[in-house]
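Here the structure is laid out as C-alpha cells; the discussion comes afterwards.
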C-alpha cells in the first residue's frame, strides 16, 4: 500500500514539474534532439547520395526529402486543430508544440537540400519562400511569447485592461468637472482632449507606440506655458498629467498585446498560402514527371 502511494506521489511530482516546464525544454528537449538527428541524417544523405552532379528535387534522394518535407508541413499545420483537443501524456499539447517548433526548424535543412540549391521564378521556389516565411514568423512568435508576457504583467501593475480603462474614465470625469471654471479657450483644450478616442489608432501605431497629434499632450503643454496659473488651472494641469500617465500605461499594454498577436496575422495566412503552393508544387512535379 505504501509502495502504491509512493508511486502515485512520484507521478504527481513529475506531473507538477511538467506543468511548469516550457515547451522548449519539454522532456529534456526530446524534440530538439530528434530534429537535430533528422537534420544530420539529411545532410549526410545529401553528401553521400550517388547522384550526379548532386542531389536535387528531381533525383531519387530529392523525392525522399520532398516527401518527408511535405508530410511534415501538413502535420505541422494541424497544430491549430490539435489545440482544441486537451489531452495529457506523451502527446499532450505541450509535447505537440515542442515537436511543432523543432521539427519546423528542421524543415529549413530538409527543404533546402530537397531543392538542391536550385531556385527560380516558379511555384517551387514560391513554396520554399512561403515555408521560410512561416518558419521565421514562428520564430518571432516564440521569442515574443518567451519575453513579453513578463513585461505585460509588469505594466499592468495588478490591473486588468478593464480596470485601466475605468481608471482613465474616472480621470476624465474629474477633468470635465475641474474644467468648468476655466475660460472658453482653456476649456476647449480640455474638451478636445476628452473627445479624442484613445483607442482610435491602427495596428501600426500601436506597434510603434508613437501616437501623433495627442490632444492631451497639446493641452498640458498649453497649460504649462501659462504663468500665474489659477487654482483651477493647476488642478486641470495635474489631472492632465494623470491622464497622460494612464494613457501611456494603456498604450504600452496595447503595444505589447499587438506584438504578441501580430505574428499570427502573418503566420496563419502564410501557412494557408504555403499549403496551396505546396499542392501546386506537387501536382506540377507529377504532371511533368
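The values are calculated or read from the model by the stated rules, or taken from the named source; none is laboratory data. No experiment lies behind these values; they were computed from the predicted model shown. Cβ coordinates were reconstructed from backbone atoms using ideal geometry, including for glycine residues, and neighbour counts include every protein chain displayed.
Just one residue in the set 254, 278 is in a helix (DSSP H, G or I) and outside the structural domain of residue 132 (by TED's automatic domain parsing); that residue is 254.
Of all residues in region 27-50, which are loosely packed, with under 15 Cβ neighbours inside 10 Å and over 33 Å from the mean Cα position of the chain (by Cα)? Of everything in region 27-50, those that are loosely packed, with under 15 Cβ neighbours inside 10 Å and over 33 Å from the mean Cα position of the chain (by Cα) turn out to be 44, 45, 47, 48, 50.
Total residues in region 57-88 satisfying the condition of being touching a helix residue (DSSP H, G or I) at 6+ places or on another chain (Cβ under 9 Å), part of a loop (DSSP other than H, G, I, E, B) and at pLDDT below 65: the figure is 5.
Residue by residue, here is whether (1) modelled with pLDDT of 85 or more; (2) surrounded by 17 or more Cβ atoms within 10 Å (Cβ to Cβ); (3) within 37 Å of the chain's Cα centre (by Cα) holds:
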{"site": "181", "(1), (2), (3)": "yes, no, no"}
{"site": "188", "(1), (2), (3)": "yes, no, no"}
{"site": "193", "(1), (2), (3)": "yes, yes, yes"}
{"site": "203", "(1), (2), (3)": "no, no, yes"}
{"site": "217", "(1), (2), (3)": "yes, no, yes"}
{"site": "228", "(1), (2), (3)": "no, no, no"}
{"site": "240", "(1), (2), (3)": "yes, yes, yes"}
{"site": "282", "(1), (2), (3)": "yes, no, yes"}
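Residues in region 155-178 that are closer than 30 Å to residue 25 by Cα and either in a helix (DSSP H, G or I) or without any contact (Cβ under 8 Å) to a residue 24 or more places away in the chain (or both): 155, 156, 158.
The numbered conditions (1) under 30 Å from residue 232 (Cα atoms); (2) in a helix (DSSP H, G or I) are all true for residue 181 except (2).
Determine if region 132-154 includes at least one residue that is in a loop (DSSP other than H, G, I, E, B), out of contact with any helix residue (DSSP H, G or I) (no Cβ under 7 Å at 6 or more places or on another chain), at pLDDT 85 or above and over 30 Å from residue 105 (Cα atoms). Scanning region 132-154, I find no residue that is in a loop (DSSP other than H, G, I, E, B), out of contact with any helix residue (DSSP H, G or I) (no Cβ under 7 Å at 6 or more places or on another chain), at pLDDT 85 or above and over 30 Å from residue 105 (Cα atoms), so the answer is no. Summed over region 93-102, residues that are touching a residue at least 60 places away in the same chain (Cβ under 8 Å) and surrounded by fewer than 20 Cβ atoms within 10 Å (Cβ to Cβ) total 3.
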